[in-house]
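*Asks:* This is the structure, below, for whatever I ask next.
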């Protein structure tokens, strides 16, 4: 094995916000029955997180769980541990009708931070990114210009953006164009 | 002459002089000028020529309704035609050129059309260019193309130097217009706590009010405007944007805002325009009103201007188009212009009030100032060519006789006011005719409806038909409150500011001046300035039977110019109604469509240009491919190497080399783009049995099976190899194009038909880099990697037979190896995590040197599969082809009761023995058949065309066989082996090909099974 | 541009996030059905001016299919509801009745 390589090798752009590739993140796509106690316990055992509410991401001691759909979660764990956690998850899900797959390498991940972070994203996603509407812990799947993507906001005002690996470069350039230093809309504060 | 006044000009800064050029001539203006006001200040009366007759034209208006002053701005990469001088803010170095003339503005050859005017009437194109028929292509069309269009299109070598962007915004209430009505409405809406966005198209706030006078809350309007603007700006729930025009209102409260960021300061960096994509719960249209011209002969001579616009030029920019001005009106507002001109020291030589009883307080004021006012009088004709010289005066009630001629250098005209109802109407808001004010105004009972079935647009102020300052503010305040309430905020009444202005006498509709003008005058009375439509044209259309206003519009081109009839529509349809002996409301208006005023193409595209014009999907090996000669082929959004071209090689050479090398040595294909779907659950087998035509539930763990997918219509939609992973898990490969669509297809059936089946699907396409290792040396290179790594997966024929898969390590990489072959050669398709893909690829390339490794592209992939007679979705299929057509009956399970497409295959047309079927085609002379060519049959069809009996679906030069090979669908094909059929090419040649078995190479399939 | 509220994730999605999926509540006919039944299932669709039931997918979102009841003439949306049902639930039908008394669609009233 050689060192794993992310889609863009840690590229970065600074403008009204900073856009940087976050590097490889451990991600597990998990589908199953949210109503099953065994399912929730399995999620918790891997991430330390409770089941997220609709449209939210739940942070846990060992990772995080994001609400993707009525029967789908995106679990976030350290990249180096993803295969071990996946094995543990499958073990914990024995007897449940569920599907868990490693999706870490299928994705590119970016962070958008700084005063213009909300505006940077609001230029490409048809989502209300005002502070009243989009709050820390909110998780949204939508489109970013011409491709699908998902993003959430943490308590420090930083967005994490996830897209498919193949369009990582497109999304990076898109967000960089959005964050052009002279393109502040002047609507949203940090 | 037009000139800058010593005083006045509230918007200009006389301390800041700005240089610019017009038609190469250096001119100066002031900061705050528009290009239009600066041209007037430089006595540039003539600003362009009209579209059809090339008549000299001057400024008519001061805002977005201006029909004449369209300019070519800038040069090179910043060149742009058809820009309105009135909405162009002046900046240092601006270069403008007038349009639609040759050789120059002052002398224009095509002005001869003006003399031919009586032959160029309404419908001229339709009448003139009918016969002889052949003349259209060779004579008429080239001439029309040469003379069509206003400005010149940008040079094709130039590329817009600017950038653009979009911005998504959500508001409870969007107020369109920052005049006093908009500000008052915003104040009322914001008081309830609603999130309010106010859009103002100009760089300044307050609209017309500071020009029109009166008082608000006892102060000059300007003071109230600034106070209110500041109040609103200080509120957290209010956003104010200037230089931002709402261009359209769409379904469910969608509004587009066009923000011009750097038009007034080009090159300052950042995006030039921003398109606000706004979703509003409620919209207040405080868009004001537009003055109408009067239809009299010579109303298009430079110097004839809308009265209020002339007032704008004086008050806002301190310029006047003339020193001796005649005012013609049918309402009181034009008196304000007369008074302003008088105050500015101009000579108002006459006010012609078409009303027999004249006006109210303002008329008295004018008379007191010594201005001569004549009631019941009209302009018979304005003469002067390139600028106003004389005005002939007559009785309004008459045919235009008994004229008195007076000298003047400008004419201010007012035919009354039309509310700007565009945004109200864009999404279905209806209008009522207001007879007293002679205009259409919004019918509050019939607003455009939103997703909740309730109205989502409220008109405010003069856009709602209120024409006096006091009622405007009251109306606007109510509109703002209503909008907030309808957006879900508790009702809160806000006292409207008290507006006071002069008491006015009623206006009287005047659609033609004089009322019974003779034909000579009507032929010179313009309705649509830009498209050269006159009163006589609309009357002619009516006589020729055009009764619908929409038909008349298209026949005469009335209102079809870039101003979209802002000035001409009401006057035109009044003339039409009169000609049809009908009433205006019965004739109705044409449809209002967005945009209100043209917006740039750039802003519509937004950020999508250059390298983010479209997403390009890249595999983990993209960069390697790119630096190693990839000749890229777009496959959906993916880029795949068509071939890897070496120095000095043609693409064709490269393909031939790749084909031979893969057959003889070792080829590598980047197959990462193939779709990979994991399907899991207790019902997964049952589900896949429905999805695929063949049986997947019986597939043994560790094995692979080629599967076909049909739509419910029975047509082939995708194919690929399915692998059974464990008891309840399968992995389905799809075509490159099918990854997302087949994933969606599976989800659709699971969610909407078999929702009680326990199956989950996940798309893991991009988790893996997949590499096809193909050729006689495939096993050797992989075993070498394993040896180097100190062990790994057993890749022998016995341990990993054909059509099976294994997980394990290859060369130290976590890998899943599939023994499948799309080439007929010994082949392993190996999936590794995407983050390891490039490293693994490099490892094989390195280890493969001694085995003659070469990468190969999609063309080689195609040729290899065609030599083997394997079909390709999208080549052999086109959405009308069923498996039986391709001799794939073996893949249609007879054991299964049901699968998608099974029932459809029983339909009579599907079972028709005359369907074209797959065969191989071999040209008699070894050449390559043209792709898509049709085979000729006997006789002709009902349309007199030759019958066809088949077509080519895939065709290549096979380096392996050193000849052209092809596949095609041919009627009764499999029964006609050996027969030679002919294919006419589009190159004039006719190709002859023999029908043969589609498997051209290794018919027994021994090579893949070693 | 329409907005529809996805009943699964609660997002008021604009049309660019959605994928239209044609008429709702089709009954599938497979092997064993008559030519007529199969033909109607494949090709015959309602084309009402007024109340209509449709399938939509929250494609750029949670990925779920759902149903929407709306008016094809005014674009009013009466409600969105689960895809896992053979006919519109009573509350949707009530909502339509309140606004369009006397509505009909196929054999629904």
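The values are calculated or read from the model by the stated rules, or taken from the named source; none is laboratory data. Values in this document were obtained by computation on a predicted structure and should not be read as measured data. Cβ placement follows ideal geometry from the backbone for every residue including glycine, while neighbour counts extend to all protein chains displayed.
*Asks:* Does residue B:564 satisfy the criteria of being under 22 Å from the mean Cα position of the chain (by Cα), modelled with pLDDT under 90 and not assigned by TED's automatic domain parsing to the domain that holds residue B:262?
*Replies:* yes
*Asks:* When you scan region B:327-385, how many residues do you find that are in contact with a strand residue (DSSP E or B) (Cβ under 6 Å, 6 or more places away or on another chain), surrounded by fewer than 19 Cβ atoms within 10 Å (Cβ to Cβ) and closer than 16 Å to residue B:411 by Cβ?
*Replies:* Total satisfying the criteria: 5.
*Asks:* While we're on this one: If residue B:975 satisfies every condition in (1) in a loop (DSSP other than H, G, I, E, B); (2) more than 51 Å from the chain's Cα centre (by Cα) but one, which is the exception?
*Replies:* It is condition (1) that residue B:975 fails.
*Asks:* Would you mind stating whether residue C:23 is farther than 25 Å from residue C:102 by Cβ and away from chain A (no Cβ under 14 Å)?
*Replies:* Spelling it out, it is not the case that residue C:23 is farther than 25 Å from residue C:102 by Cβ and away from chain A (no Cβ under 14 Å).
*Asks:* So, one more: Just checking: which of the strands (runs of 3 or more DSSP E) contained wholly in region A:3-83 hold 2 or more residues that are within 26 Å of residue B:834 (Cβ to Cβ)?
*Replies:* Fully inside region A:3-83 and qualifying: A:12-14, A:18-21, A:26-31, A:64-69, A:72-77.
*Asks:* Also, I was wondering about something else. Need the failing condition index for residue B:725 against (1) surrounded by 22 or more Cβ atoms within 10 Å (Cβ to Cβ); (2) more than 28 Å from residue A:168 (Cα to Cα); (3) within 14 Å of chain A (Cβ to nearest Cβ), just the number.
*Replies:* The one condition residue B:725 does not meet is (1).
*Asks:* Okay, moving on. Of all residues being at the interface with another protein chain (Cβ under 9 Å from one of its Cβ atoms) and out of contact with any helix residue (DSSP H, G or I) (no Cβ under 8 Å at 6 or more places or on another chain) in region B:611-630, which is surrounded by the most Cβ atoms within 10 Å (Cβ to Cβ)? Just the residue, please.
*Replies:* Restricting to residues being at the interface with another protein chain (Cβ under 9 Å from one of its Cβ atoms) and out of contact with any helix residue (DSSP H, G or I) (no Cβ under 8 Å at 6 or more places or on another chain), the top hit is B:622.
*Asks:* Has region B:32-40 got any residue that is part of a loop (DSSP other than H, G, I, E, B) and either surrounded by fewer than 20 Cβ atoms within 10 Å (Cβ to Cβ) or over 35 Å from the mean Cα position of the chain (by Cα) (or both)?
*Replies:* No.
*Asks:* So, in region B:229-248, of the ones that are farther than 9 Å from residue B:178 by Cβ and in contact (Cβ under 8 Å) with a residue 60 or more places away in the chain, which residue ends up nearest to the other protein chains (Cβ to nearest Cβ)?
*Replies:* B:239
*Asks:* Tell me, which residue of region C:65-95 that is within 20 Å of residue C:12 (Cα to Cα) and in a helix (DSSP H, G or I) is nearest to the other protein chains (Cβ to nearest Cβ)?
*Replies:* C:95
*Asks:* Separate question: Considering only residues of region A:59-74 that are under 15 Å from the mean Cα position of the chain (by Cα) and more than 26 Å from residue C:82 (Cα to Cα), which is farthest from the other protein chains (Cβ to nearest Cβ)?
*Replies:* Restricting to residues being under 15 Å from the mean Cα position of the chain (by Cα) and more than 26 Å from residue C:82 (Cα to Cα), the top hit is A:60.
*Asks:* Kindly evaluate residue B:175 against the criterion of being within 14 Å of another protein chain (Cβ to nearest Cβ), crowded, with 22+ Cβ neighbours inside 10 Å and under 18 Å from residue A:130 (Cβ atoms).
*Replies:* no
*Asks:* Taking the condition of being more than 13 Å from residue A:23 (Cα to Cα) and more than 11 Å from chain B (Cβ to nearest Cβ), how many residues in region A:151-180 meet it?
*Replies:* Total satisfying the criteria: 9.
*Asks:* Tell me the residue from B:265, B:246 that is buried (at least 24 other Cβ atoms within 10 Å of the Cβ) and within 34 Å of the chain's Cα centre (by Cα), please.
*Replies:* Checking each option against the conditions leaves just B:246.
*Asks:* Just wondering, is there one or more residues in region B:759-782 that are in a helix (DSSP H, G or I), farther than 24 Å from residue B:872 by Cβ, touching a strand residue (DSSP E or B) at 6+ places or on another chain (Cβ under 8 Å) and within 14 Å of chain A (Cβ to nearest Cβ)?
*Replies:* yes
*Asks:* Consider residue B:959 carefully, then state whether it is away from every other protein chain (no Cβ under 14 Å), over 44 Å from the mean Cα position of the chain (by Cα) and touching a residue at least 40 places away in the same chain (Cβ under 8 Å).
*Replies:* In short, yes.
*Asks:* Across region A:111-150, what is the number of residues that are surrounded by fewer than 22 Cβ atoms within 10 Å (Cβ to Cβ), within 14 Å of chain B (Cβ to nearest Cβ), more than 13 Å from the chain's Cα centre (by Cα) and assigned to a strand (DSSP E or B)?
*Replies:* Summing the residues that are surrounded by fewer than 22 Cβ atoms within 10 Å (Cβ to Cβ), within 14 Å of chain B (Cβ to nearest Cβ), more than 13 Å from the chain's Cα centre (by Cα) and assigned to a strand (DSSP E or B) in region A:111-150 gives 2.
*Asks:* Mind checking whether some residue in region C:53-63 is out of contact with any helix residue (DSSP H, G or I) (no Cβ under 8 Å at 6 or more places or on another chain), within 12 Å of chain B (Cβ to nearest Cβ) and in a loop (DSSP other than H, G, I, E, B)?
*Replies:* Taking every residue of region C:53-63 in turn, at least one turns out to be out of contact with any helix residue (DSSP H, G or I) (no Cβ under 8 Å at 6 or more places or on another chain), within 12 Å of chain B (Cβ to nearest Cβ) and in a loop (DSSP other than H, G, I, E, B).
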